[in-house]
Amino acid sequence: MKILITGANGNLGRRLMKDFSHEHEVVGVDIDRLDITDREAVHRFTPQINPDAIINAAAFTAVDKCEEEVDLAYAVNAVAVRNLCEAANNAGARFVHYSTDFVFDGERMEGGYREFDPVNPLSIYGKSKYAGEVEATRHCPNSIILRVAWLYGPGGWNFSDWVAEQTTQGNEIRIVTDQFGCPTWVGDVSAQTQSLLEAGASGIYHSVNTGSCSRYDWALEAARIAGGDVNKIKPITSEEFPQKAPRPKYSVLDNFYLKTQRLERMRPWQEALQAHLTDS
Ligand SMILES: NC(=O)c1ccc[n+]([C@@H]2O[C@H](COP(=O)([O-])OP(=O)(O)OC[C@H]3O[C@@H](n4cnc5c(N)ncnc54)[C@H](OP(=O)(O)O)[C@@H]3O)[C@@H](O)[C@H]2O)c1
């Protein structure tokens, strides 16, 4: 297949580029080559590639900044999704998109959110990402939308590596104990994307590493694997760590559709974290 990957320099995009290039012809672009909010540029560029699939890993992901740059958040996370859907339709290409656990409000506090549970995003980021889901579903009805969460991977800043680095250097860090979610490794999201495309799947899929934890427990596990000093991790509450955008306190996802359709490739979050911190 010929695959166009947008957001190719991002955390997930870099991994998709690496993995998909083993078996496919891959063209990766980021904002310097193709600004996906520029509808005309998207329509001019895509026919030059003539892709069989467009995978959109581009997004405005700075959650707090989205509160200040609201129009830009909706331009990148929603309007641009329509631009890419139109281009995919014109090329006869599949469309793959990524969304977030932040479409939920986190009031649930037990079990995991399933794909059909009602959304209620708290932040501009979450609202704009949900608007992007609506665009993808409406304009490319056979698109694949993977809702992922708490992503980390090699290169660039990520929470797991930062905790490992700080605790092995003996620096004290303060981590919230009252936010719960699913740490998810980009390599597993990439493998899951590939298998969904191969299976001819469509629709929304919760695609997170299995199990869940608090951000504090995630930090403890990262420090333990990296051989850092776990005593340097000080538990705090969200009230002690104010952030501009509201975060859901409990955004655990259940990969219900993946499991039920027997398409699941995701493994427990501790295994993925171990592999990331010891292999890369
Ligand atoms: N990171 C997480 O914890 C997390 C959690 C849940 C869901 N997700 C979703 O997973 C997907 C991948 O996230 P990620 O962490 O890999 O994001 P990322 O590292 O921020 O990468 C996004 C990429 O998109 C680029 N981009 C931004 N605006 C663009 C535009 N107008 N045109 C073209 N490219 C543009 C960014 O460039 P610049 O860096 O120059 O802006 C960046 O290279 C996103 O859909 C995100 O919403 C992420």
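A short reminder: the numbers here are calculations on the coordinates, not readings from a lab. Here the structure is a predicted model, which means the values were calculated and not measured. Here the Cβ positions follow ideal geometry from the backbone for every residue, glycine too, while neighbour counts run over all protein chains shown.
Among the aspartates and glutamates, select those whose C-alpha is under 15 Å from the C-alpha of residue 244, and discard any that sit fewer than 8 residues away in the same chain. Within the straight-line cut-off, residue 244 pairs with 64, 67, 68, 69. From helices alone, the chain scores -11500 deg cm²/dmol at 222 nm; the rule is -39500 (n - 2.57) for each run of n ≥ 4 DSSP H residues, then divide by the residue total. Close amide H contacts of residue 180 (hydrogens built in the peptide plane, cut-off under 5 Å, sequence separation of 5 or more or a different chain): 250, 251. Count charges around residue 39 for me, please; just the other residues with Cβ under 11 Å from its Cβ, Lys/Arg as +1, Asp/Glu as -1. Within the 11 Å Cβ shell, the charges total -2.
Counted by Cβ distance under 12 Å from residue 155, the other residues give a net charge of +2, where Lys and Arg count +1 and Asp and Glu count -1.
Legend: ranking of residues 71, 217 from fewest to most surrounding C-beta atoms inside 10 Å; resulting order 71, 217. Neighbour counts of C-beta atoms inside 10 Å place 133, 68, 110, 86 in the sequence 110, 68, 86, 133, starting with the fewest.
Peptides 250-256, 239-245 ranked from most to least packed give 250-256, 239-245, packing being the mean of other C-beta atoms within 10 angstrom over each peptide's residues. Using C-alpha pairs below 8 Å separated by at least 6 residues, the relative contact order for the stretch 1-102 is 32 percent.
Each Cα pair under 8 Å and six or more residues apart adds its separation to the average, and for the stretch 68-139 the resulting relative contact order is 49 percent. Only lysines eight or more places from residue 249 in sequence, or on another chain, were considered; those with a Cα closer than 30 Å are 65, 127, 129, 232, 234, 259.
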